[in-house]
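Bear in mind these aren't lab numbers, they're just calculated from the coordinates by the rules spelled out. Keep in mind that this is a model prediction, so the values were computed, not measured. Every residue, glycine among them, receives a Cβ derived from its backbone with ideal geometry; neighbour counts consider all protein chains shown.
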Amino acid sequence: MTNYATTALVLPKIHVHSGKVAWRSPSNLALVKYWGKYGRQLPKNPSISFTLNNAFTETSVEYTPNLSGKKGINLEFYFEEKQNEAFRLKQVKFLESIQDIFPFLSQLNFTIRSHNSFPHSAGIASSASSMSALALCLCSIEKKLFGTLQNEAEFLKKASFVSRLGSGSACRSMYPVMAVWGEGIEGSSNLYAVPHAAQTHEVFHTFHDDILIISKSEKSVSSRAGHALMEGNAYADIRYAQAHARLHMLIHALREGDLKTFGEITENEALTLHALMMTSEPSYLLMEANSLAAINKVRDFRAETNVPLYFSLDAGPNLHLLYPDAHKIDVQNFIENELKPLCEDGKYIPDMVGQGAELMING
C-alpha cells in the first residue's frame, strides 16, 4: 500500500528558502462516474475520465521562510485576483491534513493565487482542476527543496495521491487524454489515478467536449454532500456493481474505437448519476429545464443526421457534448443554431481532450 507519510521532509533551519511555482491543471469529465466514497477519499467504484484542455485552473504558490515562529499553516489566498477567506480556510484545512506528507508546510509562509477559465461550483469539476493544480505545486516545491521526485511517473503518482485527498476526481486531472481511478482493471488503484491513453483508440485522442453553460450559478448541493447521501441510498450497492460492469464495457469500446457503445454507456452514466441524486434522501435535482431541452435536441440531431454526437453531465446542469473531430463543423453549427439559445447568456466552452497538466513557473 502506498504511504507518503514521512518525517524526512523537514528544512534545516540554517537555510533560507523562497521561490514560486505555478501549474495549469485541467478539469476532467468522468465517463463512468465516481459517486460514493469511504475512508479518506477512497472511491466506492472505479471511474474513467477524459482530460479536458480549455477548462482549467492556474494556481501559483509563492513561499518564503516562516521566521516568526508562528505554528500552523501561514497562508494568504487569492481567487480571481481577490482575497477569498472562505477558500483560504478550505485550503488551510487541506494543508493541515497533509502535513504528515509534507512536514515542511509549517516552516514556510504561502501566498496562493488561483483562477479558473470557467465558472466554479457549477458542475464542471472545478475542485478537480484546482486541487490537482495545488498538489502539483506542492510536489514541485518538494522536488525543488529536497531533490526528490526526479522521476516524472513517480512525481505524477504522488501528485495524484495528494490531490485525491482534497478532491477525489482531482487525481485524474494531470494525465493526458484519459485516466482511470479505482480498483477495477489491472494496474489501477483506489489511492491514485493511472494514465489510460496508451490503451485508447486514436479517434478518442482528438475528441471534442464542448460544454454548454446552462447555468453559471453555484449548485444547490455540493458534490461532497452528494457523495455523503449515497450512504443511505437504496440503490447504492446495485450502482457500484453497475459501475464496475460498465467500466469494462467502456474500456473495450475505447480500445476498439466503438463510438456507438461509447456513447450509449456515457449517456447512461450521466443519467444514472442524476437518478442517484433524485433517489437520495433527501432527494434533489441539479438538472434544469434547459438541460433536458438540450438533451432532447442532441438526441433528435443524432437520429436525423447519424452524427455520433453524445452528451454527458457532471454533478450540475451543464451539458458536455462529446463527438469526434471529423464532425466538428456539423456539430458546432448545430450548437450555434440550436443549443446556444439554451445557455445562460449564450455561453458555452468549446473544449476537447487535452494533454494534462502543465508546469508554468518553476522559480
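For the pair residue 93 and residue 358, the difference between a 0.36 nm per residue extended length and the Cα-Cα distance amounts to 92.8 nm.
Determine the relative contact order of the chain: mean sequence separation of Cα pairs under 8 Å and six or more apart, normalised by residue count, in whole percent. Relative CO of the chain lands at 25 percent. Placing pseudo-labels 7 Å out from each Cα toward the beta carbon at residue 255 and residue 144 gives an inter-label distance of 4.2 nm.
Put simply, the Cα atoms of the stretch 19-199 extend 50, 34, 28 Å along their principal axes, the longest span coming first. Other residues within the sphere of radius under 10 Å centred on the Cβ of residue 34, judged by their own Cβ, net out at +4 (K and R +1, D and E -1). For residue 297, a cut-off of 26 angstrom between C-alpha atoms picks up these lysines, skipping any fewer than 8 places away in its own chain: 33, 216, 219, 260, 328, 340, 347. Plainly put, the chain has a radius of gyration that is 0.98 times its Kirkwood radius, both from alpha-carbon atoms, as the Rg/Rh ratio. Based on every Cα atom in the stretch 302-363, Rg and the maximum pairwise Cα distance Dmax equal 14.8, 54 Å. Once both labels are positioned 7 Å from their Cα atoms along Cα-to-Cβ, the gap between residue 183 and residue 15 label points is 3.9 nm. Considering all C-alpha pairs of the stretch 202-349, those separated by over 19 Å amount to 56%. Calculated on C-alpha atoms, the gyration radius of the stretch 110-220 divided by its Kirkwood radius gives an Rg/Rh of 1.00. About its Cα centre, the stretch 202-349 has a charge dipole of approximately 140 debye under the convention of +1 per Lys or Arg Cβ and -1 per Asp or Glu Cβ, with nothing else charged. Across the options 103, 86, 69, the greatest Cα extent toward the positive end of the charge dipole of the stretch 62-186 (unit charges at beta carbon of Lys, Arg, Asp, Glu) belongs to 69.
Under 10 Å from the Cβ of residue 166, count the other residues' Cβ atoms, weight Lys and Arg +1, Asp and Glu -1, and hand me the total. Once all neighbours under 10 Å are counted, the net charge is +3. Magnitude of the charge dipole for the chain, about its Cα centre and with charges confined to Cβ atoms of Lys, Arg (+1) and Asp, Glu (-1), is about 1260 debye. Counting other Cβ atoms within 10 Å as a rough exposure proxy, the listed residues 139, 343, 171 run 343, 139, 171 from fewest neighbours to most. Taking the charge dipole of the chain about its Cα centre, with +1 at Lys and Arg Cβ atoms and -1 at Asp and Glu Cβ atoms, the residue from 244, 292, 166 reaching farthest to the positive side is 166. Give the residue from 226, 129, 11 lying farthest towards the positive end of the charge dipole for the chain; charges sit on Cβ (+1 for Lys and Arg, -1 for Asp and Glu) and the dipole is referred to the Cα centre. My answer, from the dipole projection, is 11.
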